[in-house]
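Worksheet: the structure to be examined is printed underneath.
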Amino acid sequence: MDNRQTPFHGGGSSSPDEQYYRQLKEYSKMDGTDYFDSYVDFEFQQYDRYHTGGQPSYPQFPQQRRNSPATNRKGSNSARAQSNSPARQRRHGADGKSRMTHGRTVKSRDNRDLKMREEPAKQVNRQPAKAEQLQGGSKNLEGKKKKSILKRILITVFALVFLGFAVYNLLALYLVGKVNVVETKKRDDSISATMKSDDVKNILIIGSDTRNMEDLGRTDSMIVLSINTKKKQMTIVSLMRDMYLPLVGYANDGTKMYDDEEPDGLYRNKLNSAFVFGGAELLMDTIKYNFGIDIDDYVYFDFESFIQIIDAIGGIELDISDEEAKVMNDNIKEQNKVLKKDTNKDLLSGGGKQTVNGNQALAYSRLRYVGNADFERTQRQRTVMMNVIKKTKDSGIFTKFGFAKAATNDLITNMNKSQLFSYAYKLPFYMGYDLKELRIPADGSYEFGSHKGGQSTVDVDIEKCRQLIKKELYD
């Protein structure tokens, strides 16, 4: 008879654990199997581990197992090995070997002994480890939440950027589609630029009083917009219309410009006449020949396009003298007749710092007989252009779109759609560049002259002009 006592000595009603161990003792008496020695009731063990914090509620019996009457009983080992008990067969199999129970292998008896000796020491540190694990788990959960929030923010930002990019693409396609692209006519390939750089792009801006480019009137303004991506600088270069220069290139009829009366055979005239004789191509070739500038692209604006651009950004601020205001009103009346407006519309009441609309800004840019003739005229044109760029740069997205729409509405250029689309992408970056201005010829590089029937001209020192251009645009 097994005189082993259960580990429960308290009074009162029996607990489930006490009932469990009493049953094990009864089964041990009945078939001679030491169920206390098997330690394979994994359902019970797992219940304890998962529902009591990992500490088993039943005691360990390393000493009892060695001194157990059942284990010392003669033939008890063979009896256990040969037992046909269904419970034992499920745990050990008919051959007495260990089996997998709930995905885990029952360990050998020796290993169990070693484990049982070590477990009391482990139990001392289990509860603190449990608290640390809970704290660590909380931190991990908090970290996962932060990562999830960050992931959502990144996805949202990416979606907004992608949406903005898509909208910008659609607007760029729309605006580029409005531009009137024309083919480049015959150019003089014998002319080579002495100043070239991959970092510098020059675009010729042509303004004329005529309402149609095909009329080929004399150009009112000739401005080179030079963009230096390395220096992050945009320079507005005014070319004075009265410069007396060789006009080199092809005329409108396809013949090369020449003059038999000149020793070098070159035809000379004022720069603004080049557009009349050979269009934008002769004007670009003449600029390249005389000043060494690499220039192959142009845009053309008539005065109506100019007015629309200024109005699209809500006008610009100008400081106007009383004398300028008086002559401006004469120009405004003339423009109103062409635009079929009331003659007295947009007239100024006087000078001073004020915001002007497109019609008034055009009259200001056309002033020639106030101040130092064409020198101040080109200065006014640069002032207007710089104010337009500055205001557009500082304006909101809708104003910028209005400016782009007005600028492309009647724009004529020889740049293809791919070039225009490329500029549409780069334009926001260009708007952040430093803005400078330059006049050719500069002070000290010209003198006044008279040629061809006594017409007044500006005779320039070509070499000085080239040195200045190289310094400001390329160096």
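The residue that is farthest from Arg466 (Cα to Cα), counting only those in the range 253-295 that are among the acidic types (Asp, Glu) and free of Cβ contacts under 8 Å to residues at least 60 places away in the same chain, is Asp253. Restricting to the range 421-439, and then to whatever is assigned to a strand (DSSP E or B) and more than 22 Å from Leu271 (Cα to Cα), can you tell me which residue is nearest to the chain's Cα centre (by Cα)? The qualifying residue nearest to the chain's Cα centre (by Cα) is Asp434.
Residues that are out of contact with any Cys (no Cβ under 9 Å at 6 or more places or on another chain), over 24 Å from Leu420 (Cβ atoms) and in a loop (DSSP other than H, G, I, E, B) do not occur anywhere in the range 273-291. On the stretch given as the range 440-475, residues that are closer than 23 Å to Lys196 by Cβ, outside any helix (DSSP H, G or I) and touching a residue at least 60 places away in the same chain (Cβ under 8 Å) total 3.
For residues that are over 24 Å from Ser395 (Cβ atoms) and hydroxyl-bearing (Ser, Thr, Tyr), scanning just the range 411-451, find the one that is surrounded by the most Cβ atoms within 10 Å (Cβ to Cβ).
By that ranking, first place goes to Tyr446.
Scanning the range 313-330 for residues that are small (Gly, Ala, Ser), buried (at least 17 other Cβ atoms within 10 Å of the Cβ) and touching a residue at least 40 places away in the same chain (Cβ under 8 Å) returns a single hit, Gly315. Taking the stated definitions as given, is Thr392 out of contact with any strand residue (DSSP E or B) (no Cβ under 9 Å at 6 or more places or on another chain), of a type in the set (Val, Ile, Thr), in the same structural domain as Ser238 (by TED's automatic domain parsing) and not in a strand (DSSP E or B)? Yes.
Being at pLDDT 90 or above and surrounded by fewer than 18 Cβ atoms within 10 Å (Cβ to Cβ) narrows it down to one of Ser238, Ser197, Ser273, so name that one. Matching residue, one of Ser238, Ser197, Ser273: Ser197.
Among the residues of the range 241-296, which ones are of a type in the set (Lys, Arg) and under 45 Å from the mean Cα position of the chain (by Cα)? The answer is Arg241, Lys288.
The values are calculated or read from the model by the stated rules, or taken from the named source; none is laboratory data. Since the model is a prediction, treat every value here as computed from it, not as a measurement. All Cβ positions, glycine included, derive from the backbone under ideal geometry; neighbour counts span all protein chains shown.
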